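S.K.: I have a structure I would like to understand better, so I am pasting it below and will then ask my questions one at a time.
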Amino acid sequence: MNQSFFDAKKLQNLFIDNLVVIIFVVFVAAGFVLSGGVPHIFFLNELVDRIFRNIFLVLSLIIPVIAGLGLNFGIVIGAMAGQLSIIFIVYHDVGGLSGLLLCFLLATPMAILFGFLTGKLYNKVRGQEMIASLIVGFFAQGVYNFILLFVVGCIIQKKKKD
């Protein structure tokens, strides 16, 4: 039992195994010190907001991973369903818990429909799913941008003038 608690080899291995975490903590601490007058409550508020936002993103990726899809197969299509429902909710000024629940209620059928159609397409292009998912993603992004920038953009402009 001549091994000391602070064995240099163990500390070196611990440091190397956690190098990314240590660098991240150093950067965050340096940024917090250099930011000057940022209140602690603001920092914690932003931290909690980002954690919950990322939790929703991770939860939305669990089903495609369990189903055996790659992460890029459905993320664009599913994200569009969520964003369309969020835009609808914001446009109609529905806030709070009721707005969140309505957003879920609107996004779920859209995501199911988009996912069903995308799944049918992927079943027809077996072996070429990567290429098909890229093309579907680009096509859907183009349609999505056209609808939101042209159609919704005009509607939102008119509502602001009223």
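The values are calculated or read from the model by the stated rules, or taken from the named source; none is laboratory data. No experiment lies behind these values; they were computed from the predicted model shown. Don't worry about glycine lacking a Cβ; one is built from the backbone with ideal geometry, like all the others, and counts go over all protein chains shown.
S.K.: Residue pairs, Cβ under 7 Å, 6 or more apart or interchain, first in the stretch 17-34 and surrounded by 10 or more Cβ atoms within 10 Å (Cβ to Cβ), second at pLDDT below 85. List them.
M.R.: Note: pairs meeting the criteria are PHE32/PHE43.
S.K.: Right, here's the next one. Can you confirm whether the stretch 25-34 contains a residue that is in a helix (DSSP H, G or I) and within 21 Å of the chain's Cα centre (by Cα)?
M.R.: Within the stretch 25-34, none of the residues are in a helix (DSSP H, G or I) and within 21 Å of the chain's Cα centre (by Cα).
S.K.: Among the residues of the stretch 5-14, is there at least one that is of a type in the set (A, V, I, L, M), in a loop (DSSP other than H, G, I, E, B) and at pLDDT below 85?
M.R.: Scanning the stretch 5-14, I find no residue that is of a type in the set (A, V, I, L, M), in a loop (DSSP other than H, G, I, E, B) and at pLDDT below 85, so the answer is no.
S.K.: While we're here: Evaluate the stretch 146-157: report whether one residue or more is assigned to a helix (DSSP H, G or I) and at pLDDT 80 or above.
M.R.: Among the residues of the stretch 146-157, at least one is assigned to a helix (DSSP H, G or I) and at pLDDT 80 or above, which makes the answer yes.
S.K.: Given the structure, is GLY115 small (Gly, Ala, Ser), under 20 Å from the mean Cα position of the chain (by Cα) and in a helix (DSSP H, G or I)?
M.R.: yes
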